[in-house]
Structure formats: structure tokens, C-alpha cells
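Input: a single structure, listed below in C-alpha cells.
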Number of protein chains: 2
Amino acid sequence: MRKIADSIDIRSREETYINIQPIQAAGRLTPEARKALIAYGDGYSTCDACRKPFRLDKISTPPIAPFHEQLASFLNMDVARVVPGARRGFQAVTSTLVNKGDSVIVSALAHYTEFLAVEEAGGIVKEVPLNEHKIVTADATAEKIEAVSQETGKLPVLVMIDHFDYQFANEHDVKSIAKVAHQYDIPFLYNGAYTVGVRPVNGKDIGADFVVGSGHKSMAAPAPSGVLATTDEWASKVFRTTQTVGDVTKRKFGIKEVEMLGCTLMGSTLIGMMASFPTVRERVNHWEDEVKKSNYLIDGLLAIEGGRVVSEYPRKHTLSKVDTSGNFDKVAQNHKRKGFFLSDELSSRGIVGEFAGATRVWKLNTYGLSWEKVRYVVDTFQDIADKYELQVNKETELQVNK
Amino acid sequence: MRKIADSIDIRSREETYINIQPIQAAGRLTPEARKALIAYGDGYSTCDACRKPFRLDKISTPPIAPFHEQLASFLNMDVARVVPGARRGFQAVTSTLVNKGDSVIVSALAHYTEFLAVEEAGGIVKEVPLNEHKIVTADATAEKIEAVSQETGKLPVLVMIDHFDYQFANEHDVKSIAKVAHQYDIPFLYNGAYTVGVRPVNGKDIGADFVVGSGHKSMAAPAPSGVLATTDEWASKVFRTTQTVGDVTKRKFGIKEVEMLGCTLMGSTLIGMMASFPTVRERVNHWEDEVKKSNYLIDGLLAIEGGRVVSEYPRKHTLSKVDTSGNFDKVAQNHKRKGFFLSDELSSRGIVGEFAGATRVWKLNTYGLSWEKVRYVVDTFQDIADKYELQVNKETELQVNK
């Protein structure tokens, strides 16, 4: 096969296969974003018509300024900025709010980038334990805030919770958690890496002081991209402009925002995000149907005897963690290809994206697959089960993980 | 004209025009990078074969791991990481080295992103004044270090100097400055935003502790991209891995680097950078010819009576600042289109990228233009001068800015 720059294989996974990879699904580019990559590939292509005051979010050709307003409005927040990935959104907030030794409340299912953003700012993460359903509740958050205050003598400076976590994509009670945070006068960061761009997110209704989303995870945008939105109250802090004056030259760059380090996303990354946005804004209205497809697939997997779903069930998200220790893994144990037998079977039938070799606990995502494809995926898993003489209980009661 | 997503004009500036824009020149994508954008547009496309230990710079398919080694070797440094723009490289270093109130030595021509990176870390920039040729010297740097030490009672914690500055693209004496910094045991950050990817950069020879480059500015890579390279000594600090342990879950993410916030560039941004790299690595060897073309163009502009070059001359870089107050601006004053007459004249002859409307002091860049195009640009400027009855002294002594 021809290679790019003689060393890089041409990737055609999305064109050739049905892809159930857990984090790739909602980041797949739209055709409009692909056009944007071609037309705006050069990094400074966004800057052709950059005029005073020389800041990315003020550029009107291409329509970057209106896009920023639309982004804020989409999330029902006051102000939005694009950032190089959700993690850089966390960083802007922690760098603003967290001083050395401060505590930050996160979920026991917090993504590692939240850990890093807190550590980078000199803070200490304090995890809220999960309840028996692997859910972060408002009560548990309140208890944790109390415990941290007692232990450290100081209130935590930030509560940041994932609406749907990266492990199980369970839904956590962000609205009640925001309320609890505010009872302690602690700002609340809503981590929408798995929601912004796939389902409706109403920041003000949730009570979020900050909403962070991921472009390449859930907004059909190139990487690294993301959004950080906030309220007017917090905008003046997290988007504060530079106060530095050159001691010799007396230079000032007063329009530049410190935490953004000036302009953030340029070229195809930003224009790709913008090009997908009309589609993204519309598609969140079809979330319920996406969830139906997710449940259809999970039900199809549960019908294979011994299968379990580790995520909460029924599913409220398209990302799910399943446990096939009781069926496919038993096959794997006696198969010369071990766990790879399942990958082989799937890929030979046009399905990729499960973690190759994994037949115990693994994740998958149905986002954006048509009903036809979801049905095909279910049929394929059940056909493979049949082939290896696993029982498929098409009408049986579903086995739900406890 | 058809628009992308009904709102974004298709950009064809590089295809349709000769572009002399000051910062776009060396960021223009190679054809290989354009292929990469098409094949790797999806953000997580780089992650298809991500295996333990699950870190971007360890992925071997596509060949991201070897690319990191090649990058380090290209700069003659020990370790390199890709970052979302040079500014994020500065930030990683300042966030590691600079505590609240610490001083950082920068040039009086430092880019604003250096100011912001220092401010974001809580530090204070201290500018080294320029000499009469608008050059930062080692002596001036030593004096500044002494003055800051006396004033604050503490040595600065970092010296960061641009090899070629963004204003004039004058060359500053980085090697001697590094030596001075080391005499005070202060680490030296070499800002290669205008060098890495266009001319050879030998970090160890310069004595750099950190080398920062910009992908979208000088490495024919998509935005936001850049490189931060360092020595083994400093790598353990700036690329330190997370020490955080979840207080409830006892989770550790020990392979993740705090300042990188884990993985940095994904998808087409990184693969585009990689796809251009073989070309970039080779093209730095032709820098002298690029500089010749730069001087040819400047000489051609100086031949128009009243023209001056504000940058050092002869040019050592392809980016230059010129002053046409003495010729084109005089025309502009009596022209109904004012300064835009020059943009009109140029664009009607197929040249774009000067700051539209500017006829006094403005910047241009010849990087990557063929000799044929450079000659055409000179002829065009002189033809326009002829048309407006400005004197063109083709054989006259050049007028150099004092």
C-alpha cells in the first residue's frame, strides 16, 4: 500500500469498517469538517483577515467571532473560548482558581486529565466516592466537602464532576452536585467531554460555573480541540487579560488572555470544529434515538448467555462497558489466537474498534451508527456466539450487572 | 462561491496567489501533510493502536514514537515532545521553573506569548534592552541579570531569548547568551519559532536547555502544533510524571506527564507534522539560498527611491520589516484608496500577504518562494513604483536603515 511520506499508512478505518471504538465515535469528522481541513490546512489560514484588536475570537472572516457566540449560546453560558482539548480547559480553570495546597473535589471516576490539571496548578485532588450503583451523588459530594474542610481546615476551591464518566458512562447528578457546591460557595466545573456535542447541555440550568467540552471526542472536530464556557461572573477571572508591562519597552498586550496564552486554535482545527458545528448543534436533538440504539446493542449482547453490562442499565449513553468473561472469554481460553479470536471474527465481518485481544471487560460505543449498522453489529456478535456454541437467549430476561 | 457549512468561504490563497504574508510562509503545508489531513482528520485516529503504557509518544503505529526520537535528534537535544503550539512549550517550562514573584529574562523583542507564559506562572518578565542595531547581546543579558539580582535580591530563574525575533527577524546572539545564563546557573530557553524547521538548529551547540519550535509557523504543520525539546538533565523536571494518588480509589496515572497534561497532539495535527517532517528536515539545508532570495527582494525594494529596510541588513532571515513611508506611502496620501492602493495593485498582479492598507512600516516573508516568484515580486513592486512615477534606481547604492 502507498504510504504518506513513505512511512505513514493511509487510514481508512471509518470508510472500510463499522467502528465501535469507545472514544472515536462522536469525534468522527463530518464531510463539512473534511472540506475545512482541505481548505484551511495551513495553521495561519484563519489569520488572513485578522485585524485590531488581533485576537482569535474577534476575527469575523472566516466567521470565528459569531462561532464563539453560538458556542456560548449552545451551552447556555455567557462566554466561550475554544481550547486545545478539554484538558486545556480544565487547566485554565485550575490555574486560575487553585493555589498550592488547595483541594479540588473530583469524582472517583474523574478522568486522568483532571488529576493532571489539578496537580499542574499545585492542588490536591479529593475524590468523591461512588454509591453502590457507581454514581456520584450530591450527598456524597457534600460529605466529601465537609471531610476535606475538616481535614485541611479549608474549603475546597473547585468541584469538577463529569456528567458521564469515561469508565462506565454512568450519569452523575451534576445539577444537584452544582447546588451543593454553591451552598459552600465553591464554583462548579461541569465536565462535558462525553456530553457537549452529543446531547443537549444547558449550563445555566445545571448551575455550572464552567462547562468544558471536547471537540475531538464529542463535537466531530479535529484534535486537539475543545471548549471552555463560563458565566460573566467567572469570565473576568478565567479569561482575564494580561497585566504585564515590559519593564524596558513598556510594552503591553492588554487584549490577550493569560490562560488562553493569546490565540488558541487556528487553521483546520478551528475551522473543522466550526464546519461541523451546524451538524453538531442539530444532532444533539437526536440523543434519545442514539440511546435507544445503545440499549438495543447492549440487549443484544446480554442475550448471549454469560454476558453482563458493567455500566448502569438501561443505558443512558452510547458508550458502555461490558463484561464478556462469561462467554467470549471462555472461548478465548481455548482458542489458539486467545482473545484475538474475537477481533479476528469481528474484523472479518467488517467490525473494528473493540480493544483488540480483550474478551473480559471492554468498552464500545454506538454513537452515530445507523439502526441498520447497529442491528448488523448485534447480529454479528450473536452469529459469532453461535459459531462457538455459546447460548443466545433471544427472548430471555436480560442479565443486568449488580 | 460555494461555502463550507454554508458559512465559511473556501480559502485558496496559496493556490491562487504568491503569498508574502510574514508568518504564513514557513507554515504552508507540504502535499504530504495535506494527505495526512485527509487520512487522519479524526482526532483519535492516532490512537487506533495505542497500547500500554498508553502515551502518545510511545505509539509506534503510526510511527509517532520514532518521530519523537527524530525530532530530538533533528534539534540535537536529548528528548522532545510535541505541544499545541510554541506557547504551550513556553508554558510547560515556566510552569515548571517559575514560582510566584520569580523573574524571567526575556528580550525587549520577546513575543507576547512569552510574556503570557511567564505571567501565567506567576513570574515577572524582565527585558534585556537592545543595542543600537536592535540586537540582544550577551553583555546586555549579563547586565540585566545583575540588575535584576540586585533589585530583587534573587537571580532570575530562566533566560528565554528568540534566536530571530518576530518584529525584525534580527539575529540575536543566543550562543553567547546561553553561556552567560549558565555562568549564573540559569537555564536557557531557545525560542526557535522562526528557526526550527527553516534553518539548522543545533541545541547542544547553542547551549540550550530547552528548544521550542512552532509547527504551524515554521515546520509546515497544522495548527496548533510545536515542539519542546530538552536535555536529559531537564527532561526529568519538565516532563516529570504525575505523582498524584486518588485519595479514595488509590488510582495512579504514573506514566502521564504533568506539564503535557498527558497526550498533547492527536489526529491530523500530529500526523500532518510528521508527514511534513522529511521535507522539513531536508529543507533546512537550503536556508542560505532562502536568505539570498530574501536579500534579492529587499534589494529590489530598496532600489525604489525612498525605501528603507528596518530589519538588520543584509538580511539573515526571510522575514523582514520594511519602511515605504518614503515612496508608496507618499502615493497613498494622494490616492482615493489611500494605503489600499498598494494592496489593489499587488493583488491584481497576483501577490497577496502584505498587511492590507499599510504603506508605511510593514513585514513580508519570502520563505519558500522560488527564484522565479521572487523575481516576479520584485519586478511587480518596481512596476507599481514606475506606474506611480516613483524613481527606481536599479543600479544605485542601497539605502540601509540606520
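The values are calculated or read from the model by the stated rules, or taken from the named source; none is laboratory data. Here the structure is a predicted model, which means the values were calculated and not measured. Heads up, the Cβs are rebuilt from the backbone with ideal geometry, glycines too, and the neighbour counts pull from every protein chain shown.
For B:Val104, the conditions (1) in contact with a Pro (Cβ under 8 Å, 6 or more places away or on another chain); (2) within 21 Å of A:Cys263 (Cα to Cα) are fulfilled apart from (2). Scanning segment A:23-37 for residues that are farther than 22 Å from A:Thr264 by Cβ, more than 7 Å from chain B (Cβ to nearest Cβ) and either over 25 Å from the mean Cα position of the chain (by Cα) or crowded, with 21+ Cβ neighbours inside 10 Å (or both) turns up just one, A:Ala25.
When only residues in segment B:38-67 that are over 28 Å from B:Tyr194 (Cα atoms) and among the small types (Gly, Ala, Ser) count, which is farthest from the other protein chains (Cβ to nearest Cβ)? Of everything passing the filter in segment B:38-67, B:Ser60 is farthest from the other protein chains (Cβ to nearest Cβ). Among the residues examined, B:Ala33 qualifies as modelled with pLDDT of 95 or more and within 24 Å of A:Lys35 (Cβ to Cβ). Taking every residue in segment A:303-314 that is more than 18 Å from A:Arg375 (Cβ to Cβ) and not assigned by TED's automatic domain parsing to the domain that holds A:Glu132 and pairing it with any residue that is of a type in the set (Phe, Trp, Tyr) and surrounded by 21 or more Cβ atoms within 10 Å (Cβ to Cβ), at least 6 positions away or on another chain, the pairs with Cβ-Cβ distances below 6 Å are A:Ser311/A:Phe168. On the stretch given as segment B:350-367, residues that are touching a Ser or Thr at 6+ places or on another chain (Cβ under 7 Å), under 14 Å from B:Val331 (Cα atoms) and crowded, with 17+ Cβ neighbours inside 10 Å total 1. Across segment A:1-22, which residue is farthest from the other protein chains (Cβ to nearest Cβ) among those that are more than 17 Å from B:Ser276 (Cβ to Cβ) and polar (S, T, N, Q)? Out of the qualifying residues, it is A:Thr16.
Identify the single condition in (1) of a type in the set (Lys, Arg); (2) within 25 Å of A:Arg283 (Cβ to Cβ); (3) within 11 Å of chain B (Cβ to nearest Cβ) that A:Lys100 does not satisfy, given that it satisfies every other one. The failed condition is (2). Selection of segment B:64-117 for residues being among the aliphatic types (A, V, I, L, M) and touching a His at 6+ places or on another chain (Cβ under 7 Å) yields only B:Ala80. Only a single criterion out of (1) within 25 Å of B:Ile4 (Cα to Cα); (2) at the interface with chain B (Cβ under 9 Å from one of its Cβ atoms) is not satisfied by A:Gln91, namely (1). Of all residue pairs spaced 6 or more apart or on separate chains, those with beta-carbon atoms under 8 Å, a first member in segment A:11-23 that is more than 26 Å from A:His111 (Cβ to Cβ) and a second member that is among the polar types (S, T, N, Q) are A:Tyr17/A:Ser347.
Considering only residues that are assigned to a helix (DSSP H, G or I) and in contact (Cβ under 8 Å) with a residue 12 or more places away in the chain, look in segment A:316-340 and name the one that is nearest to B:Ala49 (Cα to Cα). The extreme case among them is A:Phe340. Which of the residues belonging to segment B:130-166 are without any contact (Cβ under 8 Å) to a residue 60 or more places away in the chain and out of contact with any strand residue (DSSP E or B) (no Cβ under 9 Å at 6 or more places or on another chain)? Within segment B:130-166, B:Asn131, B:Glu132, B:Ala138, B:Asp139, B:Ala142, B:Glu146, B:Gln150, B:Gly153 meet the criteria. Considering the conditions (1) more than 30 Å from A:Val104 (Cα to Cα); (2) surrounded by 20 or more Cβ atoms within 10 Å (Cβ to Cβ), B:Gly306 is excluded by exactly one of them, (2).
A single entry from B:Ser347, B:Ser320 fulfils the requirement of being at pLDDT 95 or above, within 19 Å of B:Pro22 (Cβ to Cβ) and surrounded by fewer than 21 Cβ atoms within 10 Å (Cβ to Cβ): B:Ser347.
Do we find that A:Val374 is β-branched (Val, Ile, Thr) and either surrounded by fewer than 14 Cβ atoms within 10 Å (Cβ to Cβ) or within 23 Å of the chain's Cα centre (by Cα) (or both) in this structure? Can you show your working first?
On the way: β-branched (Val, Ile, Thr): yes; either surrounded by fewer than 14 Cβ atoms within 10 Å (Cβ to Cβ) or within 23 Å of the chain's Cα centre (by Cα) (or both): yes.
Judged against the criteria, A:Val374 is a match.
Here B:Ser311 meets the list (1) assigned to a loop (DSSP other than H, G, I, E, B); (2) polar (S, T, N, Q); (3) within 8 Å of another protein chain (Cβ to nearest Cβ) almost entirely, failing just condition (3). Test A:Asp139 against the stated conditions and say whether it is more than 8 Å from chain B (Cβ to nearest Cβ), among the acidic types (Asp, Glu), surrounded by fewer than 19 Cβ atoms within 10 Å (Cβ to Cβ) and farther than 30 Å from A:Ile271 by Cα. Yes. Residues that are at pLDDT below 95, over 20 Å from B:Lys387 (Cα atoms), part of a loop (DSSP other than H, G, I, E, B) and not assigned by TED's automatic domain parsing to the domain that holds B:Ala193 occur in segment B:355-375; there is at least one. Which one of these is surrounded by fewer than 17 Cβ atoms within 10 Å (Cβ to Cβ), over 24 Å from the mean Cα position of the chain (by Cα) and either under 17 Å from B:Leu270 (Cα atoms) or in the same structural domain as A:Ile298 (by TED's automatic domain parsing) (or both): A:Asp42, A:Asp9? Checking each option against the conditions leaves just A:Asp9.
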